[in-house]
1. Over the chain, average the accessible area per residue using a 1.4 Å probe and give it in Å², no decimals.
2. Translational diffusion coefficient, Stokes-Einstein: compute it for the chain using the Kirkwood radius over C-alpha pairs as Rh, at 20 °C and 1.002 mPa s, and state it as an integer in µm² s⁻¹.
3. Quick one: 3J(HN,Hα) in Hz for region 373-384, Karplus 6.51/-1.76/1.60 with θ = phi - 60°, rounded, Gly and Pro as x.
4. If a/c stays under 1.5 just call it rounded; otherwise compare a/b with b/c (prolate if a/b is bigger, oblate if not). Do that for region 289-382, with a ≥ b ≥ c from the square roots of the Cα gyration tensor eigenvalues.
5. Test of understanding: what is the full-extension gain from I197 to K375, defined as 0.36 nm times their sequence separation minus their Cα-Cα distance?
6. How big is the gap, in Å, between the Cα center of region 180-259 and the Cα center of region 313-348?
7. Would you calculate the separation in nanometres between label points at I356 and F315, each defined as 7 Å from the Cα along the Cα-to-beta-carbon direction?
8. Can you tell me how region 30-139 classifies by the Cα gyration tensor, rounded, prolate or oblate, using a/c under 1.5 as the rounded cut?
Amino acid sequence: MLKIKKLFSIFGDNKFKLDNILFFLFPSFLVSGPFLTDLFVTFCSIIFLYFSIKEKNFNYLLNKYVYFFFVIYFYFLINALFLNFNNENIFKVFFYFRFFFFSLALVYFFNKNSNLIKCLYFGFIFVYLILVFDGFYQYYFKQNILGWPISETFRVSSFFGDELVLGSFLSRTFPIVFGLHIYLNPVKNKKMYTLFILFICVEVLIFLSGERASFFYLNLSALFSIILLNNFKVLRMLILSISILLILIISNFNDTAKKRIVDKTINQIGIDKPEAKNNHQFKYQIFGYKFNHIFSKQHEQHYLSALKMYKDNKFFGIGINNFRNLCEHQKYKISEISCSTHPHNTYIQLLAETGIIGLFFIALILFIFIYFSLKHLLNKLIFKKIIFTDFEILILSSILITIWPLVPTGNFFNNWLSTIYYLPVGLLIWSLEKKVKN
């Protein structure tokens, strides 16, 4: 039987080592779904813990990042133990630590083998090339290259099939891939522009996916990057500008995606409906804009139902993943459309399921994020000094998508999403610690 230590040497001592292959395949695992993704995360976490203990190298396990995470983790675990409806929730929360260990594993592996960064980067580029080709093919021919039909609402999903998360995958990973591209090509030259067209196509494909939140994520991360970037601001602006121009051209000839992202959003929110205005039926007003619903009537009722649960359990919430178990109860039910598997907003979900204490943790992360982002910006403008590299800024823009409070989101405790949440965390920790050592 091979020893675990030899696992990473099965394919020899060159670029074909097992770890290189796995990191190249990791983006493909994300596209394949939660099973292979979770298997990869678990495998990395176990191997990382094994070598940390075997080498007696506890620097990765005894630092401020780990302490902060485990305070959150133990609160989630206690919450699940005392407020659960079934053992599945306890099991799921108990093994939640593997996602943060996955972040630490990335730091460990990248320090041991710098070639893994390239493997991860080229793995994403390979996946992007396939998704762009297949996504545009599906948009124009109404089925992808495998014959999978486009959704009934004409939303492009490519190899994600019935799971309409193509836009979510691309918008959340695009800042990471663009950051890796800059990291590997730090000098402005022809090589920097080799993937210019691919990046533009990715941004257009996010729009064609019809995922409104994802299109917002794309623009949010782009705006954040453009404001804070040091050397590649013009390149990011150029990619975004050409993408928007192409989106306008495509919408002029085929406005299916535009109807989904723009027209349907305006209709669901209820902005400027003449009959509502005349009868003073608008419920909300922000900066002079009047509207009837928060994102949509369905989203709004999820939120109202979750807030009712919070009011009954202000400090500790109703228990992780228990929104789905209580939303049909008459006490919390708003209407026939108010129930779902989760409230579709991270902050409201944590407020309802983990109470004020759970909300405090993510609010603290948001505060720290804003503090250091502003510190970087002010230092750059006033003192001509930078805190974060361009690579780190792009990784931060990916993290911003996760912690941004004002947008519909998936289930915070979803395994697939959690992997994408913690991927940039590992990259950021690795870069910051590498910078300190240097």
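The values are calculated or read from the model by the stated rules, or taken from the named source; none is laboratory data. Bear in mind that the values here come from a model prediction, so they are computed numbers and not experimental data. Note that we place each Cβ from the backbone using ideal geometry, even for glycine, and neighbour counts take in every protein chain shown. When the accessible area is computed, the model is the full protein with side chains, heavy atoms only, and any ligands, DNA or RNA have been set aside. Shrake-Rupley method; radii C 1.70, N 1.55, O 1.52, S 1.80 Å.
1. Values: 21590 Å² over 438 residues.
Ligands and nucleic acids excluded, the figure is 49 Å² per residue.
2. Details: Rh = 23.4 Å.
It comes out at roughly 92 µm²/s.
3. My calculation for region 373-384 gives 5, 5, 4, 4, 4, 5, 5, 5, 6, 8, 9, 6 Hz in order.
4. Values: a/c = 3.51, a/b = 1.79, b/c = 1.96.
Note, shape of region 289-382 comes out oblate.
5. Numbers: separation 178, 0.36 × 178 = 64.08 nm, distance 3.33 nm.
Taking 0.36 nm per residue and subtracting the Cα distance, the gain is 60.7 nm.
6. Each part's Cα centre sits 36 Å from the other's.
7. Between I356 and F315, the label points sit 0.9 nm apart.
8. Numbers: a/c = 2.76, a/b = 1.29, b/c = 2.14.
Judged from the Cα gyration tensor, region 30-139 comes out oblate (a/c at least 1.5, b/c at or above a/b).
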